[in-house]
Amino acid sequence: MANDSSKTNTSDEVILKVDGLKTYFYTDDGVLPSVDGVSFEIKRGRTLGLVGESGSGKSVTSLSVLRLIPQPPGKIVDGQILFGGQDLTKLTEAQMRKVRGNDISMIFQEPMTSLNPVFTVGNQIIEAILLHQDMDYAEAREYAIDMLAKVGIPAPEQRIDEYPHQMSGGMKQRVMIAMALSSKPKLLIADEPTTALDVTIQAQILELLKSLQGEAGMSILFITHDLGVVAETCDDVAVMYAGRIVEYGDVYTVFEKPAHPYTIGLFNSLPTIDTTGARGREDRLYVIPGMVPRPQDFPSGCRFRTRCQFATEKCAQLPPTVELEPGHTAACWYAEKVRAGTQPTTDGSVAADGSVAPNEDAAEVAR
Amino acid sequence: MSVAPTLLEVRNLKKHFPIKKGLFNRQVGSVKAVDGISFEVNANETVGLVGESGCGKTTAGRSLLRLLEPTDGEVLYKGQDILKMGPAEMRSLRRNLQIIFQDPFSSLNPRMTIESIIGEAITFHKVAQGPEVREMVEGLLERVGLQPSYITRYPHEFSGGQRQRVGIARALALNPDFIVCDEAVSALDVSVQAQVINLLMDLQQEFNLSYLFIAHDLSVVQHISDRIAVMYLGQIAEFAECDELYDNPLHPYTQALLSAIPQPNPRRRAQRIILKGDVPSPMNPPSGCRFHTRCPACFAPCKTVEPRTVEPTPGHKVRCHLYDPEFAPNDPDIWARLPRQPEAPVTVTGDEGDAPAKRDASSDAAPDGTDGVASTEAAETAEPAATSTVEEAGAERSDVSSDNASAESAEADSAAKSNA
């Protein structure tokens, strides 16, 4: 949404800066490096998409930011999480509680299970408001009704006294959003907020998040596995694989000139709807060979090398994070070459139609 | 229109679940999960069944296999009504009709080895016995891309993608000719999903299979299907060839559904049609057209009269009053509210009524977007939206002219497919 003229709240002020974050889990199977040296930053009013398949460490990253990692077995072993000038990893639990749900809010994946079934939704929203804001009960209730109205719940005066089971999935997710936004957070962490919802409801929720973000000027860390959702909602994107960020940049650059073999493979294995008529049902989908390795089986050096077609012996050493152009980085020894193989599509219309083009190129490179 | 023979025909299939309440378990109502759906699946064809959760697509898949006993209707398999068959007949027929389930984590018995899961059906139907079963199971595992040595393992030792492969091998064990894939790839990660989709398509070629591919992910359905049925609240809203459906969706629900899919392309944002509200409950579906509560182009008869299924162009069925000659409105305002104008002139409405409506819509495209019940954020992206409508209008014209040609080529395609 960086290019949208409507949004005036973006600035260069960095809200969250994660630097070299390492979250390890100490289990009977050994030390699992679920998040291993992740760095990114989110500027005010912008949305960063954290994409990856299951097991890539994206949820652990977000939970680490809020220090919600169960400890033990998990532990943030290294790195800094700078939020508003203070390092969240150094805060005490009491200080952290003041940050959680106040300056940083979170929406979880499952609206069905993240609300308490034995309390009314109003009860749960009001609890959060009373905890973080200087209001009495009546004011908080008024405010909760306002918030419900804001997230598009019809007849909020009545719905506030309903229990979660009386609401549909989309409604529950709206309640979660109302709750998360009631404290006017500077940063919203949305962990797969639409994954459990239907497409038409997903469209509603994404729209809602976008408009609320525009109003409040908050930053969003958006975690998802759906590249389509990223393209629609995010300004920047970080692609995670096996606990590391393999590619990072603004959404246009990463989607149009991907430089990491994993990113390219991910795009190509996606069946896309091409509404321009040029599509072939008989085409096989591109397949990344193998599976995402389990944390105990992460290969040395580049963790993608066991599945990568460009891999050489050099890849057994940790690849450098190459800055290809300002703000666009890829952790690959051959990022430049890999990217040269993909066709840059700068023209919007070409990009819209030619989403297949990079695929073919990449496939050729593969051969 | 297709050369391939019809393998399975579903006529007016209904499945109602009773709601019972009170001391005597009196029936107080029913959930009309599937309420009169009709379609047919040809040999070696994939029919996609899409819809949102709760629209009855899974119930449809299960009741046409009689895993749930349907309330009413006919299911003709090679001309025979399987709903009238006795238990013994049905059992032997099940060899030909198989299903792959959605959840690879709960659809395999955790206490059975892979050999007994896949081999059970083989032994039951006396296809093979003794050591032959093991050979067959090993062959099947190899075919679906698993190592034959996995035969002694238990389901928990596999990843999601591997389990789904086991589910596929199990469905293939009896060499069926029709498989219901009930959200077969929905639970899988993108890269694994691609592997399984490719496998399903290869197997279709190899074993001459027909699929009913149930999914909520329209991009996957488009990739794999020949024809697609869009379900809404227990009924089929639209049924057409895959390309036709995506190029020229007629039903307002299909149009909204297609536009709601997030595209992995950052430059194609904000052309979405946002539907208001939720899917109504199937316990108490709206009167008339079931979609009228959310429809941007709803007009007078929609609220009271249940729409019929009409066929504006051959092979493209739609259940909507807009295309029904009896109700089709001549009022251009109603047509203008339709988020996407149909490409080919709708034959039934006549040229006079339709042509001005179309012109109206293409010239007023931008205000249409803001006025309609379902609005895109036209203000935010006024420029790209405008350019895209121009492009679309251009494409529209060329498509109308080449309509016949494309229909012919589609026929040629399907002919070629059946030859192969």
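The values are calculated or read from the model by the stated rules, or taken from the named source; none is laboratory data. Nothing here was measured: the structure is a model prediction, and the numbers come from that model. We place every Cβ from the backbone using ideal geometry, glycine too, and count neighbours over all the protein chains shown.
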- Item | Filter result for B:Ala300 (at pLDDT below 85, within 18 Å of B:Asn248 (Cβ to Cβ) and aliphatic (A, V, I, L, M)) | no
- Query: Quick one: how many residues across the range A:107-123 are under 17 Å from A:Gly170 (Cα atoms) and outside any loop (DSSP other than H, G, I, E, B)?
  - Reply: 7
- Query: Would you say B:Leu257 is touching a Lys or Arg at 6+ places or on another chain (Cβ under 8 Å), within 11 Å of another protein chain (Cβ to nearest Cβ) and closer than 25 Å to A:Glu207 by Cα?
  - Reply: no
- Top-ranked residue in the range B:290-320 [being assigned to a loop (DSSP other than H, G, I, E, B) and among the small types (Gly, Ala, Ser); ranked as surrounded by the most Cβ atoms within 10 Å (Cβ to Cβ)]: B:Ala297
- Message: Considering only the range B:114-128, I want to know if a residue exists there that is among the aromatic types (Phe, Trp, Tyr) and in contact (Cβ under 8 Å) with a residue 24 or more places away in the chain.
- Response: no
- Hey, which of the helices (runs of 4 or more DSSP H) in the range A:218-300, taking only ones fully inside, have at least 1 residues that are acidic (Asp, Glu) and at pLDDT 85 or above? A:227-233, A:251-256
- Message: Which of the numbered conditions does A:Leu209 fail, given that it passes all the others? Conditions: (1) modelled with pLDDT of 85 or more; (2) surrounded by 21 or more Cβ atoms within 10 Å (Cβ to Cβ); (3) under 20 Å from B:Leu257 (Cα atoms); (4) within 8 Å of chain B (Cβ to nearest Cβ).
- Response: (4)
- Look at A:Gly249 and say whether it is out of contact with any Ser or Thr (no Cβ under 6 Å at 6 or more places or on another chain) and within 23 Å of A:Thr329 (Cβ to Cβ). yes
- Query: Does the range A:237-262 hold any residues that are within 28 Å of A:Glu13 (Cβ to Cβ) and within 11 Å of chain B (Cβ to nearest Cβ), and which are they?
  - Reply: A:Val237, A:Asp250, A:Val251, A:Tyr252, A:Thr253, A:Val254, A:Phe255, A:Glu256
- Query: Which one of these is surrounded by fewer than 17 Cβ atoms within 10 Å (Cβ to Cβ), acidic (Asp, Glu) and without any contact (Cβ under 8 Å) to a residue 40 or more places away in the chain: A:Asp29, A:Asp19, A:Asp87?
  - Reply: A:Asp87
- Specify the residue that is farthest from B:Ala260 (Cα to Cα); the eligible residues are those in the range B:195-232 that are of a type in the set (Val, Ile, Thr) and more than 8 Å from chain A (Cβ to nearest Cβ). B:Val196
- Message: Going residue by residue through the range A:79-93, is there one that turns out to be more than 21 Å from A:Ile220 (Cβ to Cβ), outside any loop (DSSP other than H, G, I, E, B) and in contact with a Leu (Cβ under 7 Å, 6 or more places away or on another chain)?
- Response: yes
- Could you please let me know if A:Ala203 is in a helix (DSSP H, G or I), under 26 Å from A:Leu227 (Cα atoms) and either in contact with a strand residue (DSSP E or B) (Cβ under 9 Å, 6 or more places away or on another chain) or away from chain B (no Cβ under 14 Å) (or both)? no
